[in-house]
1. Choose one of B:T143, B:A74, B:L160: the residue whose Cα lies farthest towards the positive end of the charge dipole of the range B:15-213 (beta-carbon charges +1 Lys, Arg; -1 Asp, Glu; about the Cα centre).
2. With each pseudo-label sitting 7 Å past Cα toward Cβ, what's the A:L85-B:R44 distance in nm, one decimal?
3. Just want to confirm a number: the relative contact order over chain B, from Cα pairs under 8 angstrom separated by 6+ residues, in percent.
4. Please work out the Cα center distance from the range B:65-109 to the range A:38-60, rounded to the nearest Å.
5. Just going by the charge dipole of chain A, with Lys and Arg at +1 and Asp and Glu at -1 on Cβ, which of A:I60, A:G101, A:T3 is farthest out on the positive end?
6. Using amide H atoms built 1.01 Å from N in the peptide plane, name the residues 5+ places from A:T3, or on other chains, whose amide H lies under 5 Å from its own.
7. Mind checking which of B:Q115, B:A209, B:N184 is farthest towards the positive end of the protein assembly as shown's charge dipole, using Cβ charges of +1 (Lys, Arg) and -1 (Asp, Glu) about the Cα centre?
8. For chain B, what does the helix formula give at 222 nm: sum of -39500 (n - 2.57) over DSSP H segments with n ≥ 4, over the residue count, nearest 500 deg cm²/dmol?
Amino acid sequence: MTTKIAVIGDADTVVGFRLAGILKATISSDSTTARTALSGYAQDQEVFLVIITERLAEQIRDTIEEISAKPYPVIVEIPDKRGRLEERENPLRRLVKRAIGVELEGF
Amino acid sequence: MAESTEIIHGIKPTRMELIALKERRKLAARGYELLREKRDALVREFFAILSEAKKLREEVETTLSEAFSSLMEAKLVEGEMKLEGLALGAQSFLDFEVTTRNTMGVPVPIFRITQQEDQPRIHYSLAGTSSVVDAAAQKIRETLDKIVRLAEVEASVKRLAAEIEKTKRRVNALNFVVLPRINNTIRYIELALEEAEREDLFRLKRVKALLESKTTSELG
């Protein structure tokens, strides 16, 4: 069995990653298609890593949390061409608070 | 937190049980120490990996933004249609390997992207494309390595955090539930044994007094 990376993002993100050799890619611009795509990749035995844009990830946080509870696929969130989402709370921040019990500056 | 007064039910206040309980207390105390050490080591590892995750995320943000600028440039030079066509017709010569490593008993993923041997580094048709496309693709390929590494590290952070939480719960359960309960039961048995001893002593004295009065009356 081969292992693969999948990408979910806007058209430019998908074009970029396809040019770099990641072919399992879904263009999505709203939560419905993003959710469908992510659930599909989560079912796909080949996919071990899903790259998704922060913008889409923010809209389907519940689905991401649900899938993240399993060991695979690992989901990684990246900025799109418009850059980092300023209002986005770093998901690691909550994790740190839960594990350590205190808020840390800078995370 | 109020000191718990709960005891283990269904234990008879005997010396045998007391000895067994003291053994159990020793074991629980040892477990508590070990788990606390594990928790502390996990926390140290967690912080080390957390700062790496932070650094990597910043790197990904920078490289990715550069990659997108090249991509936008390629889009301008080649036109959106052409670029999309190239992307659609792309082939992949990359291998993606997934293995697992153990960090303090926590399995964490290791991701590796490798170029297939004897295959071109370019994944799209070269016919009539300009170097801007190559530059963009190259940039995204570089970012991809960083993204994969970031995914790996962030997944490790998540798994370590979950393990810390689990260990913390067990440490607290031992400290605030299991050990106090054992201690309370030990105290209860010790009190019961002392009470029984006092009763025995009293009974003994009573019998002795009775016997003495009997002897004196018989003699008299």
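Computed from the coordinates by the stated procedures, all read-outs in this text should not be read as laboratory data. None of the values given here were measured: they were computed from a predicted structure. FYI the Cβ positions are ideal-geometry reconstructions off the backbone, even for glycines, and counts take in every protein chain you see.
1. B:L160
2. 3.7
3. With pairs under 8 Å counted, the relative contact order is 38 percent.
4. What the calculation gives is 15 Å, centre to centre.
5. Of the listed residues, the answer is A:T3.
6. Answer set, sorted by chain and number: B:F96.
7. Of the options given, the answer is B:A209.
8. Result for chain B: -26500 deg cm²/dmol, rounded to the nearest 500.
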